[in-house]
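The values are calculated or read from the model by the stated rules, or taken from the named source; none is laboratory data. Just so it is clear, the structure is predicted and the values come from calculations on it, not from any experiment. Here the Cβ positions follow ideal geometry from the backbone for every residue, glycine too, while neighbour counts run over all protein chains shown. Ligands, DNA and RNA are stripped out before the accessible areas are found, and what is left, the full protein with its side chains, is counted by its heavy atoms. Shrake-Rupley method; radii C 1.70, N 1.55, O 1.52, S 1.80 Å.
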Amino acid sequence: MSQNQPVSVHILDREYTVGVEPSERESLTAAARVLDGKMREIRGSNRMAAVDRVAVLAALNLAHELQQVRDEQAAQQQRFQAALNDLNRRLDIAVDNAR
């Protein structure tokens, strides 16, 4: 059963309350800090920039970073699988030669 508890986070000088599991509280607040930082970076010194535009651009930037991490993880997984396949092939050869 869900034990969501309210957590207040501040993003671009606005307060938001979000329900979150106690075990995920730190992660949520860290994510809010990342989003706040990204939005402030995008907004820069233009205090009049539309918040919705800043939010969409921040979300797009963060989604792009996430996709890059996923792509790299997939590439590493392929390299790992190729190395494992090579080791298995070598092991099969060694076992066959030992017979």
Given 0.36 nm per residue, what is the gain on full extension from Gln81 to Thr17 after removing their alpha carbon distance, in nm? 18.7 nm
The chain pair-distance distribution - Cα-Cα, 10 Å bins, rounded %: 13, 26, 22, 15, 11, 9, 4, 1
A correct Karplus calculation of ³J(HN,Hα) over the range 63-78, with 6.51 cos²θ - 1.76 cosθ + 1.60, θ = phi - 60°, whole Hz and x for Gly and Pro, returns 5, 5, 4, 4, 5, 4, 5, 5, 4, 5, 4, 5, 5, 5, 4, 5
Explain nothing, just the number: dipole magnitude of the chain about its Cα centre with +1 on each Lys and Arg Cβ and -1 on each Asp and Glu Cβ, in debye rounded to the nearest 20. 200
Trypsin sites (Lys or Arg not before Pro) within the range 1-57: which are DSSP loop residues with at most 10 other Cβ atoms inside 10 Å? Arg47
For Val56, solvent-accessible area (1.4 Å; no DNA, RNA or ligand), Å²: 100
Counting only the heavy atoms of the protein chains, how much of Leu84 is accessible to a 1.4 Å probe, in Å² to the nearest 10? 70
For the chain, what's the relative contact order in percent, using C-alpha pairs closer than 8 Å and at least 6 residues apart? 16
Mind giving me the FRET efficiency for Ala94 and Asp71? R0 is 41 Å, r the Cβ-Cβ distance, nearest 0.05 is fine. 0.70
